[in-house]
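The block underneath contains the structure these notes are about, expressed in structure tokens.
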Amino acid sequence: MSYSIITETKKGIIDEIPISTHKLFHEYWLPLFEKHKLENLSNWKFPHEFEKEELERIIKELEKLLPYIKGDWELERANFILTRLKSIKFGDYESISFG
């Protein structure tokens, strides 16, 4: 099982941004989000659709978290996710969800 951000454009094109395996998410990412009191990122444990403002807050939280990420692979992954999230133009999508 893994966690991803799933986007669907208004033209029906679905894309997936892989985030983490279930184990890594619960053993590494979620405790890190909770330790730094990153409310929007901590909510990722529940499948849901993003609102525009929430997506903007998630990007800001992830940027604040970068200095605390240990490990080359984890930092590379966080930068990949951040780059992909920043490239989303919210108005171009029918839905953006996490699950």
Subject >> Counted residues, segment 83-97 - those being of a type in the set (Val, Ile, Thr) and not in a helix (DSSP H, G or I) >> reply: 2
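Results for (1) modelled with pLDDT under 85; (2) open to solvent by 40 Å² or more (accessible area, probe 1.4 Å); (3) out of contact with any helix residue (DSSP H, G or I) (no Cβ under 6 Å at 6 or more places or on another chain), shown as yes or no for each residue.
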| residue | (1), (2), (3) |
| --- | --- |
| Trp29 | no, no, yes |
| Glu51 | yes, yes, yes |
| Glu63 | no, yes, yes |
| Pro67 | no, yes, yes |
| Lys70 | no, yes, yes |
| Phe80 | no, yes, yes |
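What number of residues within segment 5-27 are of a type in the set (A, V, I, L, M) and loosely packed, with under 13 Cβ neighbours inside 10 Å? Reasoning before the result, please.
Taking segment 5-27 first, the residues of a type in the set (A, V, I, L, M) are 5-6, 13-14, 17, 19, 24.
With loosely packed, with under 13 Cβ neighbours inside 10 Å added as a condition, the list becomes 13-14.
Residues that pass the stated criteria total 2.
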Original post:
When you go through (1) over 17 Å from Ser2 (Cα atoms); (2) in a helix (DSSP H, G or I); (3) not hydrophobic (A, V, I, L, M, F, W, C) one by one for Arg77, which number turns out not to apply?
Top reply: (1)
Original post:
Hey, any hits in segment 34-42 for a residue that's open to solvent by less than 90 Å² (accessible area, probe 1.4 Å), of a type in the set (Lys, Arg), at pLDDT 85 or above and not in a loop (DSSP other than H, G, I, E, B)?
Top reply: no
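The values are calculated or read from the model by the stated rules, or taken from the named source; none is laboratory data. Quick caveat, the model's predicted, so the values are computed rather than measured. Note: ideal-geometry Cβ built from the backbone for every residue, glycine included; neighbour counts use all protein chains shown. Heads up: the accessible areas ignore ligands, DNA and RNA and are worked out on the full protein's heavy atoms, side chains in. Shrake-Rupley method; radii C 1.70, N 1.55, O 1.52, S 1.80 Å.
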